[in-house]
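This report concerns only the one structure given below.
What follows is calculated from the coordinates using simple rules that are stated; it is not laboratory data. Since we're looking at a predicted model, the values are computed, not measured. Please note: Cβ atoms are built from the backbone with ideal geometry, for glycine as well, and neighbour counts cover all protein chains shown.
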Amino acid sequence: MRHAYLSFAGKRLAQAAVVILLAYVFTFIVVSILPGDPVTNVLRNPQNGFSEEEIQSIIAAQGLDRPVLVQLWSSLSSFLTGDLGLSLRSSRPVTTMIAEVLPSTLTLATSALTVALTLAVLIAYGTQFLPKRWGQGLLRGFPSLFLSVPSFVIGLVLIHVFGFKLGLFRVIEPDSAWATFFAAVALGIPVSARIAEVLIANLDQEARQEYAAVARSRGLGQAALFFRHLVKPSLLPVVTVVALSFGELLGDSLITEAVFGRNGVGSLVQRSVATQDLPVLQAVVSLAAAVFVLVNLLADLVYPLLDPRVTLIGPARQSPTKAVETAAPGAAA
Amino acid sequence: MTYVLSATQTSSRLGAVIRIPPGVILAFAIIALVIGWSIAPGLFTGFDPAVGVPAQKLLGPSLDHWFGTDHLGRDLYARVVHGTASSVSSAFIAVAIGLFAGGLIGLAAGFLGGWTDIVLARLVDILLAIPRFLLAVIIVTALGFHTLNAAVATGIWEVAVFARVMRAEVIKTRQATFVEAAFLAGGSRWHILLRHVLPNASRSVLPLAVLHFGLSILVIAGLAFLGYGDPPPASDWGLLIATGKNYLKWPWLVYAPALVTIATVLSVNRISRWLRKTD
């Protein structure tokens, strides 16, 4: 068992490293086929007012005069040493630019994840124990509804109702506690739907098990049954779903930050898209991919330790996430 | 605490083949209306989506203007109806790209196995590693800001999803006894692939395609919302909502296109769930 786990962990670790590197190369290729020549578009743009010597020095510093493959090699090797290069527009280190906006996005993402988990557990609890006539069926429709609403619409509705009508927060103060909370709700609701879907399916399955019937016959109350028995086995597969939803959190924060006017990684991406600041785009996208891959690696590695029922004997396809990943977009119902 | 006898379960399953639940009928009706809007928008509204009457700007919903009017006095219902074609067809293109490219990749990886499988699986891993919306944003930046390019950008992520599911299905079917029997009976690889593996594998791909049609509408609306689709004279749903957010004092400018989007995606999801259940 121990040996099996170590070889499984080694395999997954190597796989993750390969995927991160290849994602960097892929991003480089996509970014370098951007229309037009970034040098002409950005540097020779009269708006920016660079002089000819400045342009030459920037080109030399960025290595833009070298063949593409050489550029890829040098940028990949500096990426591996933690150097993300300089912004094409402001010539500031990309690492600093990201570090400036990262705390805002991290706050948003972690609060959104908290909101999503809380909401998902509440909905799942309701679907098990809310009497049918009090809208249990309605509650079961919630995940499907949440998945059908664009997150920017949720954000706008929250701003309209709680910002404009009730005056809980002002749009011009995007970092106030209430504004952050509602931004997290907007970002978290679609994520909560994915978690709730899996949680409900698992709870339904667990509630049918014999041990649940035994616990009920012993006279255990609903809440005790839920929290003491049903939640633990049902929450385990959620680890994988949460890890997968990091991609959504990272991607959709772009929209949520735009809606709530927050200054985070998402708005940095938007600014870089508008100004074709390729080094920044390259850095943010490959870092996001790295974070996503590492979070999922962690989930994969932790899962067999959390759930003693998972065995790692046999070929690599026994990897516990594979099945969930395949079925991830709502197929769990 | 539900105790269902197995007998009633089988009889209700037999009944479900004929009976379509009312929710699904409603979903089909909504989709039919949306398709009608995108094919012949002129039949559903008499107003021009691009020409406004400045004197009638920012009117609330009324019998004349079902969804009210915008800041230039244009009828919002007409703008929603005329924006349907591009919002819906772009999602269709995205799913078509994902279905065909992803289906082919999955088929090749699952059926051929070996090195083909390893190389293609890594390609899929890379696509799935980059957060979906971020991937769409950099691709649409590379291609240029048009709704069609937004559709392509959305479709590229779909390729990975369909490839992964298709591969799993093909591998499952390949191990079936009847496929083995077909091989033993002397069937060629192509014959078995087209005759046995593909039809069986594509059965579970269809509900997935419907589901991703809804998801693609959302992603493309998100791209349009950020201004990465066609510029303003167009009236994609996401773009309408983006314009409406500057006029939150007149909330129908956000709510009307948003409700249309939600109703469409919800219907698509309902149909997908129904397809999966009846299968």
Treating the angle as unsigned and between 0 and 90°, give the value, to the nearest 10°, between the Cα long axis of helix B:103-112 and the longest Cα principal axis of chain B.
-> 10
Formal net charge of residues neighbouring A:Val259 (Cβ-Cβ distance under 11 Å; K, R +1; D, E -1) | 0
Set A:Lys132/B:Lys249; A:Lys132/B:Lys172; A:Lys11/B:Lys172; A:Lys132/B:Lys277; B:Lys172/B:Lys277; A:Lys11/A:Lys232 screened for pairs whose C-alpha atoms are more than 31 Å apart | A:Lys132/B:Lys249; A:Lys132/B:Lys172
Taking Cα atoms of the stretch A:196-263, Rg/Rh with Kirkwood Rh, to two decimals?
-> 1.24
Rh by Kirkwood over Cα pairs, then Stokes-Einstein D for the stretch B:215-262 at 0.692 mPa s and 37 °C, µm²/s | 313
Between the helical axis of B:76-97 and the dominant principal axis of chain B, each derived from Cα atoms, what acute angle in degrees is found, rounded to the nearest 10?
-> 20
Going residue by residue through the stretch A:287-299, the Karplus relation 6.51 cos²θ - 1.76 cosθ + 1.60 with θ = phi - 60° gives ³J(HN,Hα) values, rounded to whole Hz and with x marking Gly or Pro, of 5, 4, 4, 4, 4, 4, 5, 5, 4, 6, 4, 4, 4
At 7 Å along the Cα-to-beta-carbon direction for both A:Ser217 and A:Leu305, put a label point, then send me their distance in nm to one decimal.
-> 3.8
Just order B:244-257, B:135-148 by mean Cβ neighbour count inside 10 Å, highest at the front, would you?
-> B:135-148, B:244-257
From fewest to most C-beta neighbours within 10 Å, the residues A:Glu173, A:Glu53, A:Glu197 line up as A:Glu53, A:Glu173, A:Glu197
Stokes-Einstein D for chain B, Kirkwood Rh over Cα pairs, 20 °C, 1.002 mPa s (µm²/s) = 102
Which of the trypsin sites (Lys or Arg not before Pro) found in the stretch A:121-210 are loop residues per DSSP with 14 or fewer other Cβ atoms within 10 Å of their Cβ?
-> A:Arg170, A:Arg208
To the nearest 20 debye, the stretch A:101-244 has a Cα-centred charge dipole, built from +1 on Lys and Arg Cβ and -1 on Asp and Glu Cβ, of 480
By Cβ neighbour count within 10 Å, fewest first, B:Ile241, A:Ile189, B:Ile130 rank A:Ile189, B:Ile241, B:Ile130
Compute the Rg to Rh ratio over the stretch A:96-179 from the alpha carbon atoms, using the Kirkwood formula for Rh, and round to two decimal places.
-> 1.08
Efficiency of FRET between B:Phe178 and A:Ser7 - r from beta-carbon atoms, R0 41 angstrom, step 0.05 = 0.70
Where the Cα atoms of the stretch A:101-244 are projected onto their three principal axes, how long is each span, largest first, in whole Å?
-> 56, 35, 25
